[in-house]
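Colleague: Below is the structure I would like to discuss, written out as structure tokens.
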Amino acid sequence: MVVATQSVNHGDEAYKIALEQYNRAAKYLVDLDDGLIEYLRYPRREFTVNFPVRRDDGRIEMYTGYRVHHNTAMGPSKGGLRFSTAVTLDEVRALAMWMTWKCALVNIPYGGAKGGVVVDPKTLSPTELERLTRRYAAELFPLMSPQMDVPAPDMGTNPQVMAWIMDTYSMTVGYSVPAIVTGKPIAIGGSEGRTEATGRGVVVCMVATLKHFGYNDPNSVRVVVQGFGNVGSHAAQYAHELGFKVTAVSDVEGGIYNPNGLDIPDVLRYVREKGRLRDYPNVDRVTNAELLQLPCDVLLPCAMENQIHVGNASHIQARFVIEGANGPTTPEADDILNDKGVYIVPDILANSGGVIVSYFEWVQDLQAFFWGKEAVFENLERILSAAYQATQHTAEKLKIDMRTAAQVSAIRRVADAIAIRGIYP
Ligand code: NAD
């Protein structure tokens, strides 16, 4: 197998991609005011903070964090927090813009935001991570409230990090405010089903796609998953539960492959125990570059941005790509895949399960009335399926791909809201 490894991985690249996707969609929105189209290219607010953290050995170290609110026309801004050394302001801008489109596409009353701190959380002790999180949360205080901006977990953050943010905010105002973040532990107002929501939503979109194309036997469908974190592992688990053959999964160190299907519950047990896929027994080993090019029916990129690019798109063998990660496919790769007849379900639709259940969590917190897992999954499937059908309808009507269709629908919804509200003052 020829394996293309060239990859780009910079935040500024993600922002260029977000704007390029926007420009592509804008061509189908010629009836909208040009000024409104220009307006939506810009983030509303960008916040950069530089702050000190005391390490366990007494040293003081400086860290940089960001929070970008792209648009707030539909409601409070919503979006995850990323702790990673790759975080840049441009990456956060791109992710914030995608959040605006994602929330609008699935029709939940939120704008888009994203945040991040330039740090490798694995290099910090638990107490150092707690101090970093609390200080960053305190720095965000002027921008954050259940009515203004509601963070959630993303790469490198988790429910514990959300709990520290909720506690920091609550201690500052003097009473408990669970609705300040989503993706919290259930004990302090988290929602049933939030952890699984994004991966589950990816599979809901995969099933809808396969059904549309007449694939009725799950056992004959081979699924490859890149990334075995929150999104990838839950997608693999749900796909396996539904009877699909998950043939390969990977983490940052590489992947494991069995053309006859992996025993996903056993892989999950192994990763829970060892923290990584490396050395999982009795399987073939593949690099992440090789994994993307394996023979399969469905590819679920669930790791990070820019994984399918001009250097490897022509080698992708999957017929369907369902994007669990944000921004895994570059616009040039989109063109190559579209020309090859590969059907792509875009990130803002495929991975919207997370923000949909985050919305349920916020609603439950505000009402102080909590739902069971069944109600959460039923409502998730209802909202996601409606958005999927509507996007497919737009794609067919305008004869465009699903990504452009999703962006067109989302941008129109936000632009209409702004037009109705009017331009202040
Ligand atoms: P995570 O940190 O839990 O998992 C990421 C996984 O990808 C890990 O297995 C990691 O080892 C692997 N990985 C990291 N770098 C890689 C690389 N260069 N090549 C291959 N694998 C690599 O993160 P997550 O929450 O699962 O998020 C994954 C993606 O999904 C991100 O793009 C994120 O923005 C997006 N997303 C997450 C959610 C959510 O609810 N967690 C919601 C929507 C979108």
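The values are calculated or read from the model by the stated rules, or taken from the named source; none is laboratory data. What you see is a predicted model; the values in this text were computed from it and never measured. FYI the Cβ positions are ideal-geometry reconstructions off the backbone, even for glycines, and counts take in every protein chain you see. The accessibility values were calculated without ligands, DNA or RNA, using every heavy atom of the protein model including side chains. Shrake-Rupley method; radii C 1.70, N 1.55, O 1.52, S 1.80 Å.
Colleague: Measure off, as a whole percent, the carbon and sulfur share of the 1.4 Å-probe accessible area of the stretch 43-189, all protein chains present.
Modeller: Carbon and sulfur atoms account for 55 percent of the accessible area of the stretch 43-189.
Colleague: Can you bin every Cα-Cα distance in the chain into 20 Å intervals starting at zero and give me the percent of pairs per bin, rounded to whole numbers?
Modeller: Pair shares across the bins are 27, 60, 12, 0.
Colleague: ASP266 to LYS373: FRET efficiency via 1/(1 + (r/R0)^6), r the Cβ-Cβ distance, R0 22 Å, to the nearest 0.05?
Modeller: For R0 = 22 Å, the calculated efficiency reads 0.40.
Colleague: Rounded to whole Hz and in sequence order, give me ³J(HN,Hα) for the stretch 294-305 from the Karplus expression 6.51 cos²θ - 1.76 cosθ + 1.60, θ = phi - 60°, writing x for Gly and Pro.
Modeller: Listing the rounded values in order: 5, x, 6, 8, 10, 10, 10, x, 10, 10, 7, 5 Hz.
Colleague: Round to the nearest 0.05 the FRET efficiency obtained for ASP416 and LEU242 when R0 = 35 Å and r is the Cβ-Cβ distance.
Modeller: Once rounded, the FRET efficiency stands at 0.45.
Colleague: Report, by chain and number, residues whose modeled amide H sits under 5 Å from the one on GLY112, excluding near sequence neighbours (fewer than 5 apart, same chain).
Modeller: Amide H neighbours of GLY112: HIS70, ASN71, LYS78, THR100.
Colleague: Just the number please: accessible area per residue for the chain, 1.4 Å probe, all protein chains included, in Å². It would help to have the intermediate numbers written out before the result.
Modeller: On the way: 17490 Å² over 425 residues.
Averaged over the residues of the chain, the accessible area is 41 Å².
Colleague: If DNA, RNA and ligands are ignored and the probe is 1.4 Å, what is the ranking of TYR359, TYR39, TYR22 by accessible area, most exposed first?
Modeller: TYR39, TYR359, TYR22
Colleague: What order do LYS373, LYS122, LYS102 take when sorted by accessible area (1.4 Å probe), most exposed first? Intermediate results must be reported in sequence, preceding the final value.
Modeller: Numbers: LYS373 80, LYS122 185, LYS102 10 Å².
From most accessible down to least: LYS122, LYS373, LYS102.
Colleague: Enumerate lysine pairs in the chain that are 8 or more residues apart or on different chains, then count those whose Cα atoms are under 14 Å apart.
Modeller: 4
Colleague: Just order 235-248, 161-174 by mean Cβ neighbour count inside 10 Å, highest at the front, would you?
Modeller: 235-248, 161-174
Colleague: Just subtract the alpha-carbon distance of GLU46 and ASP339 from 0.36 nm times their residue separation and send over the number in nm, one decimal.
Modeller: Using 0.36 nm per residue and subtracting the Cα-Cα distance, I get 101.8 nm.
Colleague: Each residue of the stretch 344-356 in order: what ³J(HN,Hα) in whole Hz does its phi give by Karplus 6.51 cos²θ - 1.76 cosθ + 1.60, θ = phi - 60°, with x for Gly and Pro?
Modeller: Values, residue by residue: 10, 9, x, 3, 5, 9, 5, 9, 6, x, x, 6, 5 Hz.
Colleague: With n ≥ 4 as the cut-off for DSSP H runs, can you work out [θ] at 222 nm for the chain, using -39500 (n - 2.57) per run divided by the number of residues, rounded to the nearest 500?
Modeller: -14500 deg cm²/dmol
Colleague: Right, here's the next one. In what sequence, largest accessible area first, do GLU323, GLU139 appear using a 1.4 Å probe? It would help to have the intermediate numbers written out before the result.
Modeller: Working: GLU323 0, GLU139 45 Å².
Final ranking, largest accessible area leading: GLU139, GLU323.
Colleague: Still on this structure, please answer the following. Which value, in Å² and to the nearest 10, is the accessible area of GLU46 when all protein chains are kept and the probe is 1.4 Å?
Modeller: We get 80 Å² for GLU46.
Colleague: Rounded to the nearest 0.05, what FRET efficiency do HIS212 and GLU253 have when you use their Cβ-Cβ distance and R0 = 45 Å?
Modeller: 0.80
Colleague: Tabulate in residue order the Karplus-calculated ³J(HN,Hα) for the stretch 382-399, using 6.51 cos²θ - 1.76 cosθ + 1.60 with θ = phi - 60°, rounded to whole Hz; enter x for Gly and Pro.
Modeller: 4, 5, 5, 5, 5, 5, 4, 4, 5, 5, 4, 4, 4, 4, 5, 5, 8, 6
Colleague: Gap in Å between the Cα centre of the stretch 306-346 and the Cα centre of the stretch 117-177?
Modeller: Taking the Cα centre of each part, the stretch 117-177 and the stretch 306-346 sit 34 Å apart.
Colleague: Relative contact order for the chain: what is it in percent, counting Cα pairs under 8 Å that are at least 6 residues apart?
Modeller: 17
Colleague: Still on this structure, I have one more. Over all directions, the average projected area of the alpha-carbon convex hull for the stretch 339-399 comes to how many nm²?
Modeller: 5.1
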